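This report concerns only the one structure given below.
The values are calculated or read from the model by the stated rules, or taken from the named source; none is laboratory data. Quick caveat: nothing in here was measured; it's all calculated off a predicted structure. Here the Cβ positions follow ideal geometry from the backbone for every residue, glycine too, while neighbour counts run over all protein chains shown.
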């Protein structure tokens, strides 16, 4: 599965959306910055329901902001595989209890 689609799917499922279009800001990003923005939108919504996850979410967003946005915004298919794997694993850890 493509990285950007996998991120979108995980967030839509965690938000328990009835349809993928239910959340306007949750969509398949084409660049690393768009993927980060989509993830930030989804995790912010999750944080409202699970405030105990605030520190974990903030650390995750800060870490990946540095990797995906400030260093070099790239197309989804150019994101290093190890960054993709780590991102998805850490996202899974945040979403496992929601």
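Points to keep in mind about this one:
- Lone unmet requirement of (1) in a helix (DSSP H, G or I); (2) surrounded by 15 or more Cβ atoms within 10 Å (Cβ to Cβ) for residue 77: (2)
- The conditions of being part of a helix (DSSP H, G or I) and in contact (Cβ under 8 Å) with a residue 24 or more places away in the chain are not met by residue 9.
- Verdict on residue 67 being under 15 Å from the mean Cα position of the chain (by Cα), modelled with pLDDT under 90 and part of a helix (DSSP H, G or I): yes
- Candidate set: the range 45-61, residues that are assigned to a helix (DSSP H, G or I) and out of contact with any helix residue (DSSP H, G or I) (no Cβ under 8 Å at 6 or more places or on another chain); chosen: the one nearest to residue 6 (Cα to Cα): 45
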